[in-house]
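Here the structure is laid out as structure tokens; the discussion comes afterwards.
The values are calculated or read from the model by the stated rules, or taken from the named source; none is laboratory data. Everything quoted here is computed from the prediction, not taken from an experiment. Please note: Cβ atoms are built from the backbone with ideal geometry, for glycine as well, and neighbour counts cover all protein chains shown. With ligands, DNA and RNA removed, areas are computed over all heavy atoms of the protein, side chains included. Shrake-Rupley method; radii C 1.70, N 1.55, O 1.52, S 1.80 Å.
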Amino acid sequence: MAYLLQFPNNFRTFSVSASSNGASPSVPQTGGPVILELPLDKIRRPLMRTRSNDQEKVKDLMDSIAQIGLQVPIDVLEVDGVYYGFSGCHRYEAHQRLGLPTIRCKIRRGTKETLRFPFIFWHHLR
């Protein structure tokens, strides 16, 4: 059985993997968001978590991902070659617990200034 993923025309799709020298994959300099398959260990998660994940939701996601794969990419901000995950905590944990090395991400480029005021950045994504 094959699955068809449809993305808006303004998305570009790429597939990357970590190199043997540990270098991070890079997002093209131009255009809007891109969809990339990133190694989990290349995504920095928030240091201060305001809440813990709902373990029932993580388990349900694990079952779904194991059966049909991840349907909605997590949102990631790329700043100077470093990837910061700001949403998708349950999906990220489900991938970790399944032992999957990568996760599909919707990546937008940002600046260090964007990291100082992430609430402004995410407000404009909605």
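Some observations on this one:
- Residue tally, condition assigned to a helix (DSSP H, G or I) and under 10 Å from the mean Cα position of the chain (by Cα), over the range 55-89: 1
- Of the residues screened, Ile65 is one that is open to solvent by less than 20 Å² (accessible area, probe 1.4 Å) and in contact with a Lys or Arg (Cβ under 9 Å, 6 or more places away or on another chain).
- Verdict on Tyr92 being surrounded by 18 or more Cβ atoms within 10 Å (Cβ to Cβ), touching a Gly at 6+ places or on another chain (Cβ under 8 Å) and of a type in the set (Phe, Trp, Tyr): yes
- Evaluated against (1) open to solvent by less than 50 Å² (accessible area, probe 1.4 Å); (2) at pLDDT below 95; (3) over 22 Å from Lys112 (Cα atoms), Asn9 falls short on exactly one condition, (1).
- Evaluation of Leu40 against (1) open to solvent by 30 Å² or more (accessible area, probe 1.4 Å); (2) over 22 Å from Glu113 (Cα atoms); (3) under 10 Å from the mean Cα position of the chain (by Cα); (4) touching a residue at least 24 places away in the same chain (Cβ under 8 Å) (one fails), failing number: (1)
- The residues listed here are Arg49, Arg97; of these, the one that is modelled with pLDDT of 60 or more, open to solvent by 80 Å² or more (accessible area, probe 1.4 Å) and part of a loop (DSSP other than H, G, I, E, B) is Arg49.
- Matching entry among Asp54, Asp80 (being among the charged types (D, E, K, R), without any contact (Cβ under 8 Å) to a residue 40 or more places away in the chain and open to solvent by less than 90 Å² (accessible area, probe 1.4 Å)): Asp54
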